[in-house]
1. Hand me the list of strands (runs of 3 or more DSSP E) wholly inside the stretch 1-69 holding 2 or more residues that are open to solvent by 60 Å² or more (accessible area, probe 1.4 Å).
2. State the number of residues belonging to the stretch 46-75 that are among the small types (Gly, Ala, Ser) and away from the ligand (no atom under 16 Å from the Cβ).
3. Would you check which residues across the stretch 133-157 are open to solvent by less than 30 Å² (accessible area, probe 1.4 Å) and of a type in the set (Val, Ile, Thr) and list them?
4. Going by the structure shown, is Asp67 closer than 27 Å to Leu111 by Cβ and without any contact (Cβ under 8 Å) to a residue 40 or more places away in the chain?
5. Would you check if Glu294 is over 30 Å from Val242 (Cβ atoms), open to solvent by 50 Å² or more (accessible area, probe 1.4 Å), in a helix (DSSP H, G or I) and among the charged types (D, E, K, R)?
6. Listed residues Ala312, Ala256, Ala249; which is farther than 30 Å from Arg156 by Cα and assigned to a helix (DSSP H, G or I)?
7. Being open to solvent by 70 Å² or more (accessible area, probe 1.4 Å), within 26 Å of Met397 (Cα to Cα) and modelled with pLDDT under 85 is the filter here; which residues of the stretch 183-241 pass it?
8. How many of the residues making up the stretch 76-102 are near the ligand (Cβ under 9 Å from one of its atoms) and either aliphatic (A, V, I, L, M) or more than 39 Å from the chain's Cα centre (by Cα) (or both)?
Amino acid sequence: MRDTALLQLALGLTPPWSVSRADVDAKARRLDIQIDFAPGSRFACPSCGKTDCPAYDTERKTWRHLDFFQHQAYLTARVPRIRCEACGIKTVTVAWARPGSGFTLLFEAMLMSMIPAMPVAAVARMVGEHDTRLWRVVHHYVKQGRARLDASDVTRVAIDETAARRGHDYITLFIDIDQARVVFATEGKGAETVAAFAEDLTAHGGEPEAIEEVCIDMSPAFIKGERARERGVAGNLPEAAVTFDKFHAVKIINDAVDRVRRGEQKSQRMLKGTRYLWLRNPASLSDRQRATLESLPTRHLKTARAYQMRLAFQDLYQQDSTEQAARYLKKWYFWATHSRLPPMIDAAHTVKRHWDGILRWFHSKITNGLIEGINSLVQAAKSKARGYRSMRNLKAMVYLLAGKLDLRLPA
Ligand SMILES: [Zn+2]
């Protein structure tokens, strides 16, 4: 068997294509394989499929292929352009690469299998390519996968906003709770993103009216003000009942406790170094921390009162029914608003503004905690996309890792 025949077999080339020669440059660690077609061959039109079109001229192209042992391998071919009566002059589609790519399909498949496992920049270094070329491949497959997305059965959605880069840009995720997948990721945060989601949902066979439950954090942007109402959940997902995420609700109370402590610390030096005691739950304290907490004259401390309010707020979620919870929350609200502790009064007012959404949990039982797994994938996406240069890259990585897309990678 001649070496070209072996390569031809290994590449799976079929007529009219064959390997015409192969050259190894040992010093450059490079294998170049020339592919050619038999003279007089006829090709199918890539647009309309009409067969038997004669070559009009050719264009020389080179594709990076899978490494051959320690050598980088490249395929080069004269790719014919044909003149189709219906479509005009078209470049023929080759079986080993997609139009416009400088990589073969198998090389792309290899990249796409490496990219979920490590930062794109690291893959780029390993294969010796610039990362912008790799990102182009990612975008191609993600775009195809997104085009196949079927969102027709989405009815329960969690909305989660996360800072893309420390406190700067935001990316908001719309998560299909039942299938645990990101169905939409968009730049920005707040009410404006909901309209974009509704539009994207419609484009993927879903219906904004079919969304029954939405879980969001207590960010005022989603609800505050008429404008936000129009653009936010109420304006775009008309049938959706809103559940306010319970972890965010507890966090608001917890932050208020911390503000009380900071204010009191100036006059009560014994509070120094106790910050974390008040932020944790009693059960998660060490024996020593518990001893410290018990040694404090808690009856006289505002911080201790605020802390008791937080524990009581958490117990809200132990109530058995919406009715019981509503009664409980009313009592809690009365207590907090009469506490004479301004941060707790503020927090209680925030609770009041989100009353129905907080109580909705007793019906929907959904929390953004259900999507913790997704959040960790998103964190991974951020690190995979390190130095990602653009939000577009970050979004693509989120879809790749957490979108459960049907990528149909070449095999
Ligand atoms: Zn045609």
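The values are calculated or read from the model by the stated rules, or taken from the named source; none is laboratory data. This one's a predicted model, so the numbers in the text were calculated from it and none came from an experiment. Here the Cβ is made from the backbone with ideal geometry for all residues, glycine too, and neighbour counts use every protein chain on show. With ligands, DNA and RNA removed, areas are computed over all heavy atoms of the protein, side chains included. Shrake-Rupley method; radii C 1.70, N 1.55, O 1.52, S 1.80 Å.
1. Output list reads 17-25, 53-68.
2. Count: 1.
3. Val137, Val138, Val142, Val154, Val157
4. The answer is yes for Asp67.
5. The answer is yes for Glu294.
6. Ala256
7. Lys189, Glu192
8. Matching residues across the stretch 76-102 total 6.
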